[in-house]
């Protein structure tokens, strides 16, 4: 038993080191004074100042945030409607096809998805919309693949949810639409929030699909970082990654603190 515990503890430590040690090294080298990211030249914050003065990276970061917020919001709405349709409408003709269409973006390679969306965008010559490739086409592409993730998350919550509250509300005279707004949506709100966060992260992190659907003057942050990495990683990129890691860490800590506080207030739930 003792040897087993020691082995499991060693494997756990190795796993955490494998995941987080490179991140810690990256954060350390963001304070490097040298121009090369792999050579330590002393402690300095010069690359953070250079990052804040880099208009290309700041514009790309702002564009990525705007696309991520819009695409995550629309994907959450459409994904929730799709999940409600699959969970509430029972058996109907075309259900299997509809389920397969929702699940397809989850297993399809991003290159295939990017090519298909590129062909869709190319239809502008026939329809006149969208007028050109740019932020709008990237947003449409991100909505298309991220809504599938939201639909799966919300559908799993609906499948495991206790429907007695909805049935009681209908027995008391509640209309289906009012019951959905007053009972169902508040119960699935945590799943919708999780889906929104996942869609936001997928949009902010996407490189392949954005590269297929972007146009001149519409470069997202992953595209800019990838173009700079091909020429050689600089401490400026390390500084940007450190800032992103810091923001994510603060968000995770706030979410954990909120959940812990709710558990203390409502220990029975």
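Numbers at a glance
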| read-out | value |
| --- | --- |
| Which listed residue is at pLDDT below 85, in contact with a helix residue (DSSP H, G or I) (Cβ under 8 Å, 6 or more places away or on another chain) and either exposed (fewer than 11 other Cβ atoms within 10 Å of the Cβ) or closer than 30 Å to residue 190 by Cα (or both), from 8, 78, 63, 84 | 84 |
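Residues checked against (1) under 24 Å from residue 30 (Cβ atoms); (2) part of a loop (DSSP other than H, G, I, E, B); (3) at pLDDT 80 or above:
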position	(1), (2), (3)
174	no, yes, no
177	no, no, no
189	no, no, yes
254	yes, no, yes
258	no, no, no
264	no, no, no
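The values are calculated or read from the model by the stated rules, or taken from the named source; none is laboratory data. Since this is a predicted model, take the numbers as computed values, not measurements. Backbone-built Cβ (ideal geometry, glycine too); neighbour counts: all protein chains shown.
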